[in-house]
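The values are calculated or read from the model by the stated rules, or taken from the named source; none is laboratory data. Computed from a prediction, not measured in an experiment: that's the story for all the values here. We place every Cβ from the backbone using ideal geometry, glycine too, and count neighbours over all the protein chains shown.
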Amino acid sequence: MPSKIAETSNPSCWLIAKAALEDNNDFDAGAPNAHKKEPRKKRASEESRRKPLASSRTRYACGLSVLTTDEPDANAFTRAVAAEAAAIDAGFALLFFSQSLVDAAALSDALKINAPALAYAGCSTAGEITPRGLEEGQILALLLPSASFSVASTMVDSLSSSGMDRITGEVGALRRSLQGRVGYERSNTTFALCFIDGLSYAEEAVTSAIHW
């Protein structure tokens, strides 16, 4: 499974398929034990989002754990990622980051040193959606526990020169890989994510090619 941060001069995209392994009705990726807020409290929350987030950890009912930081220290953040991955037995991570805080090479190198066994995919973003809402200047890691998720991923390079048949073939291989691990496919707990370079102008064509 490839593990790298996507930031190249050639348009590219990550194709990721995931399936929940546990068959239960409590699979919930919503906010953990969150109470509804009154409208007047929402204003206070919006005001607090303008303040520095520092570092945070949020765990959800489905087992997903989210780490965030606004500190430009890739080593410290990836050490925290490695510790949390070990704590929840994470099999895969998604990372999103602001280029104003850290560059792709520094983050990738730090992950190789501090979390060499953790498979991941990631990309830079124009704004990061954190547990506290939309932020800017953050690094965000979503850790998926092996007990609840099975993941298959690939990276498609050079979208401008890749034929749609090739992309469709890679998606088919992903599905077979995922089914080989899980042993079956359930449409209600299987989903796909695609992270694509916005400057490729190929979003619709790629989405059509990979549509399941």
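Things to note:
- The residue of the stretch 98-132 that is surrounded by the most Cβ atoms within 10 Å (Cβ to Cβ), among those that are closer than 18 Å to residue 65 by Cβ and modelled with pLDDT under 90, is 122.
- Residue match in the stretch 197-207 (condition: more than 21 Å from the chain's Cα centre (by Cα), closer than 24 Å to residue 122 by Cβ, in a helix (DSSP H, G or I) and in contact (Cβ under 8 Å) with a residue 12 or more places away in the chain): yes
- Taking every residue in the stretch 104-128 that is in contact (Cβ under 8 Å) with a residue 40 or more places away in the chain and pairing it with any residue that is assigned to a loop (DSSP other than H, G, I, E, B) and buried (at least 19 other Cβ atoms within 10 Å of the Cβ), at least 6 positions away or on another chain, the pairs with Cβ-Cβ distances below 6 Å are 119/3; 120/3; 128/138.
- Residue 131 being under 19 Å from residue 179 (Cα atoms) and in contact with a Ser or Thr (Cβ under 9 Å, 6 or more places away or on another chain): no
- Restricting the stretch 119-137 to residues that are of a type in the set (D, E, K, R) and part of a loop (DSSP other than H, G, I, E, B), the residue that is farthest from residue 150 (Cα to Cα): 136
- Being acidic (Asp, Glu), at pLDDT below 50 and under 22 Å from residue 134 (Cα atoms) is a description that does not apply to residue 22.
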